[in-house]
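Where a number appears in this text, it was derived from the coordinates with a stated rule and is not lab data. Note that this is a predicted model, so its numbers are computed, not measured. Glycine also receives a Cβ, built like all others from the backbone with ideal geometry; neighbour counts cover every protein chain displayed.
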């Protein structure tokens, strides 16, 4: 088993480890770095430094042998799914028939968000219903504010802001689960992301935006499955690695709503991942967003497409609280504009979401 390039070096994570198994690992040189403050919905979560005498891959095999009933994996890392943007402004909301200023979607919904740090003092978020929870373990430095602030403002920014939010009367509960790596990169690891999802589940959030991508992970899969069992919709970016890239996660899990990006011309974003896991397309090329440092900027990537689907599902959930997750997603499917090959396809999924019935 090779050393993973997309995981924190010298670390593994574990779920549902018994006290005896924990003792066995520590006796073999594993160092407990962090433990969930209380049982998560999927069990106790542990983060370990592996013994210095063996590789991370060897340590993973050893840990699984010592604790066969536990779920153990590398501490994979996940990155905000944004891409560099070089083009000009496009009127993306019109393509999905979202209300245009001075009109607004007046639905009041609650949305969960797991992302980088959010600047609640940004003009677009001033006075808005934003709850920010710290989700970075181990005292590591917080990630930058740009990505998280842009996503939060896109979701619920003030209606009179330079870039009005999709659901300005709604609230966002965000867990800042990304930290600054030694190399200065904004990353989130499995331990913090699984804990963040659990935090939002316990707060009763039924729609959660996940604008980041990374590898498949056993622990992440477990909390995703738990979310589905609790009728919580997870919406994720489909990825920006290109049409031949492998599936990314959490978008690749069956119960997660995976969102790709299209431009104002309804052409697929050339950097978008493709595959049978893609569910919907939404505007994600030259999306005008707010920033923690400048008033507005333009961004491209599936990160910025995901909030359009999140907002649509959150508005639907608020108006139909008794509806199942499957029913809400099926309603979006039936109203989507088919793009590409007839029916669902690996490029556009079910097509471009349309929202006139959601925000009349």
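Calculated on the alpha-carbon coordinates, the convex hull of the range 224-336 measures out at 120 cubic angstrom per residue. At an R0 of 51 angstrom, the distance between the Cβ atoms of residue 298 and residue 202 translates into a FRET efficiency of 0.90. Label-to-label distance for residue 20 and residue 254 is 3.4 nm, based on points extended 7 Å past Cα in the beta-carbon direction.
Axis angle, to the nearest 10 degrees, between helix 56-66 and the longest C-alpha principal axis of the chain: 70 degrees. Between residue 322 and residue 32, the simple label model (points 7 Å from Cα in the Cβ direction) yields a spacing of 4.6 nm. Distance between the 7 Å Cα→Cβ label points at residue 341 and residue 6: 2.4 nm. Looking at the range 79-335, the DSSP beta bridges with both ends there are about 30 percent antiparallel.
Could you state, as a whole-number percent, how many of the C-alpha pairs of the range 105-228 are farther apart than 18 Å? Could the numbers behind the result be given before it?
Values: 3836 of 7626 pairs.
Percent of Cα pairs beyond 18 Å in the range 105-228: 50.
Cα-based values for the range 7-75, radius of gyration first and Dmax second, are 10.8, 34 Å.
Against the chain, whose longest principal axis is taken from its Cα atoms, helix 302-319 shows a tilt of about 80°. Taking only the C-alpha atoms of the chain, Rg followed by Dmax gives 20.0, 64 Å. Taking the average, over residues, of other Cβ atoms within 10 Å as the packing measure, peptides 214-224, 62-72, 174-184 rank 214-224, 174-184, 62-72 from highest down. Maximal additional length on extending the residue 53-residue 129 stretch stands at 22.4 nm, based on 0.36 nm per residue less the C-alpha distance.
Listed peptides 260-273, 233-246, 315-328 appear in the order 233-246, 260-273, 315-328 once ranked by packing, highest mean of other Cβ atoms within 10 Å at the front. Centroid-to-centroid, using Cα positions, the range 276-328 and the range 1-37 are 35 Å apart. Using alpha carbons only, how many degrees (0 to 90, rounded to 10) separate the axis of helix 190-202 from the longest principal axis of the chain? Computed tilt is about 60 degrees.
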